[in-house]
Amino acid sequence: MTVIRSFSPIADQNACILILGSMPGEASLQACEYYAHPRNHFWRMMAMLIGFDLALPYAERVQALKSSRIAVWDVLQSCTRQGSLDADIDKSSITPNDFKSFFVRQTNIKHVFFNGSAAEQIYRRTVLSSLPELDIEYLRLPSTSPAHASLSFEQKLEAWRAVLTFSR
């Protein structure tokens with residue numbers, strides 16, 4: 001299996017929300033962009049929720065997130081995985097990102113939203129107990145991945161509206 005590594009976080013000092021995925025998929029890794037798979041709903045949802053043109057270049061979409069006080073990162077720094085599915089991550093190979101240092105720098109983050117159950121499970125199993133007590137609220141949202149097809153786009157979007165409650 002191939003060792004893969006995640007990206008640096010999208011974040012600035014004003015971020016009050018953190019959206020966590022598990023690990024970028026193959027399309028994202030090839031493009032060096034978060035949520036680059038054309039059927040992943042992340043950018044479409046963010047465009048609708050915070051109001052930017054989905055056709056914007058990646059750097060401008062990233063800036064739109066930052067302007068809305070939203071940070072994005074992945075739970076894992078590295079792992080081995082064949083393909084893009086979370087189910088294919090070799091659990092014995094996972095290395096989480098350094099959230100202790102991240103939260104020291106990002107003191108305004110009070111809400112963490114998990115993009116799917118894998119991100120939440122890995123975070124709770126490998127990260128949470130290593131952190132000091134933080135005043136952070138956690139909420140799992142339905143995955144924006146095309147592999148998570150049990151909910152329609154509209155149902156996912158409705159759940160993701162929770163992000164708006166805290167981003168302004």
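None of the figures in this text is laboratory data; all of them are computed from the coordinates on show. Just so it is clear, the model here is predicted, and its values are computed rather than measured. Because the Cβ atoms are built from the backbone with ideal geometry, glycine has one as well, and the counts that use them run over all protein chains shown.
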Charge sum, other residues only, whose C-beta stays under 12 Å from H37's C-beta, Lys/Arg counted +1 and Asp/Glu -1 | 0
Which of R39, R81 has the fewest Cβ neighbours within 10 Å, and the rest in rising order | R39, R81
Label assignment, Rg and Dmax of the Cα atoms in Å derived from the structure, set (1) 14.9, 42; (2) 14.9, 49; (3) 15.1, 45 | (1)
Ellipticity estimate at 222 nm from DSSP helix runs (n ≥ 4, -39,500 (n - 2.57)) divided over the chain, nearest 500 | -9000 deg cm²/dmol
